[in-house]
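J.: Encoded as structure tokens, here's the structure I'll be asking about.
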Amino acid sequence: MILGIIGLGISIYLFQDYFLKNDGYLCEATSFFSCDLARNSEYANILNVPLGAWGGLWFVIMMSFVYLSFKDRKWNLLVLIWNILGVLFVAYYIRAEFLIGALCPYCTITHIIVLICFVLGIILHRKKP
């Protein structure tokens with residue numbers, strides 16, 4: 001849940017940054033570590049929805065499934081499946097970052113969080129009732 005809250009916070013930041021276009025704001029370390037290049041690329045949205053919105057939605061749903069799994073272990077499989085979908089999207093986003101030649105540091109943090117959630121989802125799924 002803590003990772004979900006952190007990921008949601010970063011996703012909200014990236015969502016608002018997409019519209020405000022705060023060039024260089026908190027994110028420009030080098031020409032390779034650049035939120036600006038990632039945000040302004042053709043990969044910055046899916047179906048005209050910014051990736052930050054998709055990430056925020058993913059984290060909200062993931063936290064909901066985790067909450068439900070604490071009440072009833074039958075949700076553990078859904079937590080795992082949701083995390084597998086998250087890892088697939090992370091793979092897509094990482095590929096997109098390398099295609100544009102820029103790595104978004106905030107995006108990378110959310111990628112790491114999703115990967116950790118995936119590992120925790122496996123552990124949760126394997127837990128015996």
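J.: Suppose we keep only residues that are aliphatic (A, V, I, L, M) and outside any helix (DSSP H, G or I) within the range 45-72. Which one would you say is surrounded by the fewest Cβ atoms within 10 Å (Cβ to Cβ)?
T.: Ranking the candidates gives 47 first.
J.: Next question. Considering only the range 1-12, state which residues are surrounded by fewer than 18 Cβ atoms within 10 Å (Cβ to Cβ) and closer than 20 Å to residue 36 by Cα.
T.: Matches in the range 1-12: 9, 12.
J.: Residue check, residue 48 against (1) under 17 Å from the mean Cα position of the chain (by Cα); (2) more than 27 Å from residue 121 (Cα to Cα), all met but one. Which one?
T.: The one condition residue 48 does not meet is (1).
J.: Restricting attention to the range 100-122, report how many residues are surrounded by fewer than 16 Cβ atoms within 10 Å (Cβ to Cβ) and modelled with pLDDT of 90 or more.
T.: Of the residues in that region, 7 qualify.
J.: Right, here's the next one. Out of all the residues in the range 73-90, which are free of Cβ contacts under 8 Å to residues at least 40 places away in the same chain and either under 11 Å from the mean Cα position of the chain (by Cα) or open to solvent by 60 Å² or more (accessible area, probe 1.4 Å) (or both)?
T.: 74, 75, 78, 81, 83, 84, 85, 86, 87, 88, 89, 90
The values are calculated or read from the model by the stated rules, or taken from the named source; none is laboratory data. Since this is a predicted model, take the numbers as computed values, not measurements. All Cβ positions, glycine included, derive from the backbone under ideal geometry; neighbour counts span all protein chains shown. We work out accessible area using only protein heavy atoms, side chains counted, and drop any ligands, DNA or RNA first. Shrake-Rupley method; radii C 1.70, N 1.55, O 1.52, S 1.80 Å.
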